[in-house]
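Peer 1: Sharing a structure below in C-alpha cells format, with a few things to ask.
The values are calculated or read from the model by the stated rules, or taken from the named source; none is laboratory data. Keep in mind the model is a prediction, meaning the values are calculated, not measured. We place every Cβ from the backbone using ideal geometry, glycine too, and count neighbours over all the protein chains shown. Remember, those area values only see protein heavy atoms, side chains included, never the ligands or the DNA or RNA. Shrake-Rupley method; radii C 1.70, N 1.55, O 1.52, S 1.80 Å.
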Amino acid sequence: AKRENPGFHAFFDGTTTRTAQKRLLLEIDLRRAIDNEQLEVYFQPVVSLRDNHIIGAEGLARWQHPELGPVSPEVFISIAEESGLIRPLTETLLDKAARAMSDLSRRFDTPLRLAFNISATQLNQAHFVEETLRALDAAGLAPEAFELELTESTLMQRVGEAPRILEKLRERGVSISIDDFGTGFSSLAYLQEIRAQTLKIDKRFITDCTSNQASAQLVRSIIAMGHALDMQLIAEGVETAEQRDLLASLGCEYYQGYLFSKPLPIAAFEALLVHTRMS
Ligand code: C2E
Ligand code: CA
Ligand code: CA
Ligand code: CA
C-alpha cells in the first residue's frame, strides 16, 4: 500500500510519537482531499419549536477517507486549524454550502438560513470579512440568510479583536451565533460586546435536562439570560420528544438534533424539505 514507501518512514525519527505520525499522515491526506474536493458538507435542519418547521440548516464538514472511512470533524478540523488548512477547507465548504442553500431557497421560494462554523483563529485571517462576503455574493446567498457560528470557548481566547471584526460582518447583515454555549466562561459584559443574535445551548445540558434538575435549571437560566440580551436560542442535541417539549415550554425558539434529523447529505436534506412542505 502507499504507506510502505521506505523513504517516507525514514523521514520519521525515533522522537516522533505514533500519534504525531498519524496526525502528519492525516494532514497530508487532508490537503489532498481539499485539493480534490473530496470534502462534503452535510446539512442538519434547524427547526422552529413553535411550529416544527425547518427554518434552515447548519453546514457540517464530512470527510470520507479512502482507506480509513469517515474521519470525525473533531479530528480533521483540529488538524486543519493547526496546519493552516482551515482556510482552504472553509473556502471550499462555504462555497458548496452557500450555493446549495441559495438554490434551495429559490426552489422552495422561502428564505432558508445557513449556519456555518468558523474557527475563531480565522477571525485574524487577512481579508476574512471581505472574503466571506464575496463568497456569499458569488453563491447568491444574502448575508441576512447567513449565520456565522463561533464557539464560546475559542471566542474567549480572542477577546480583543473579535468584537471589531464581527461588527463589520453584522453591519452587512450577517448574524453571529455563539456555539456550545455554557461550556466557556463568557461574562455578561463580553456577551453584550459580541452582540450575537443567537446562543446555541450546548448539547451536554440538553442531554440530561429532563432527568437532572441542575441541568434543567441551567437551561432555564441560559434561555432567560439570552432573552434578556435580546438573543434567540437554539438547543442542540435534542434527541427525545420530552426534551423538545420542555425546551418549547421554556420559550426556546429553535432546536437541532437526532429527534428531527441527523446531519444529511444535501440531496437528502432537500428530500426532507419536499416531504415536510407537502405535509
Ligand atoms: P458543533 O458545531 O457543536 O456541531 C454539532 C455536533 O453535534 C455535530 O457533530 C452534529 O452531528 C452533532 N449532533 C447534532 N445533533 C445531535 C444529537 O441529537 N445527538 C448527538 N449526540 N449529536 C448531535 P459533528 O458533525 O461531528 O461536528 C463536530 C464539531 O466539528 C462541530 O461541533 C464543529 O465544532 C466542528 N465542525 C464541523 N464542521 C465544521 C466546519 O465546517 N468548520 C469548522 N470550523 N468546524 C466544524
Ligand atoms: Ca456549530
Ligand atoms: Ca455546538
Ligand atoms: Ca461542539
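Peer 1: Wholly within the range 187-279, which helices (runs of 4 or more DSSP H) include no fewer than the required count, namely at least 3 residues that are over 23 Å from residue 111 (Cβ atoms)?
Peer 2: Where helices (runs of 4 or more DSSP H) fall fully within the range 187-279 and carry at least 3 residues being over 23 Å from residue 111 (Cβ atoms), they are 188-194, 203-207, 213-228, 241-249.
Peer 1: Consider residue 162 against the criteria (1) more than 13 Å from ligand 1 (Cβ to nearest atom); (2) open to solvent by less than 10 Å² (accessible area, probe 1.4 Å); (3) within 24 Å of residue 111 (Cβ to Cβ): it satisfies all of them except one. Which criterion is unmet?
Peer 2: In the conditions (1) more than 13 Å from ligand 1 (Cβ to nearest atom); (2) open to solvent by less than 10 Å² (accessible area, probe 1.4 Å); (3) within 24 Å of residue 111 (Cβ to Cβ), residue 162 misses (3) alone.
Peer 1: Do the conditions hold for residue 234, that is, is it modelled with pLDDT of 95 or more, within 16 Å of ligand 3 (Cβ to nearest atom), surrounded by 21 or more Cβ atoms within 10 Å (Cβ to Cβ) and under 29 Å from residue 136 (Cα atoms)?
Peer 2: Numbers: modelled with pLDDT of 95 or more: yes; within 16 Å of ligand 3 (Cβ to nearest atom): yes; surrounded by 21 or more Cβ atoms within 10 Å (Cβ to Cβ): yes; under 29 Å from residue 136 (Cα atoms): yes.
Yes, satisfied.
Peer 1: Any residue in the range 62-78 that is assigned to a helix (DSSP H, G or I) sitting within a Cβ distance under 6 Å of a residue that is of a type in the set (Gly, Ala, Ser) and at pLDDT 95 or above? List the pairs, counting only those 6 or more apart or interchain.
Peer 2: Matching pairs, first to second residue: 73/61.
Peer 1: So which residues in the range 101-153 are within 14 Å of ligand 2 (Cβ to nearest atom), assigned to a loop (DSSP other than H, G, I, E, B) and in contact with a strand residue (DSSP E or B) (Cβ under 7 Å, 6 or more places away or on another chain), if there are any at all?
Peer 2: 118
Peer 1: Now a separate question. Which one of 40, 81, 27 is more than 16 Å from ligand 4 (Cβ to nearest atom) and within 15 Å of the chain's Cα centre (by Cα)?
Peer 2: Testing whether each residue is more than 16 Å from ligand 4 (Cβ to nearest atom) and within 15 Å of the chain's Cα centre (by Cα) leaves just 40.
Peer 1: Among what's in the range 199-221 and is open to solvent by less than 10 Å² (accessible area, probe 1.4 Å) and within 13 Å of ligand 3 (Cβ to nearest atom), pick the residue that is nearest to the chain's Cα centre (by Cα).
Peer 2: 200
Peer 1: Does residue 168 satisfy the condition of being within 16 Å of ligand 1 (Cβ to nearest atom) and either assigned to a helix (DSSP H, G or I) or within 20 Å of the chain's Cα centre (by Cα) (or both)? Before the answer, list the steps.
Peer 2: On the way: within 16 Å of ligand 1 (Cβ to nearest atom): no; either assigned to a helix (DSSP H, G or I) or within 20 Å of the chain's Cα centre (by Cα) (or both): yes.
Here the answer is no, as residue 168 does not meet what is asked.
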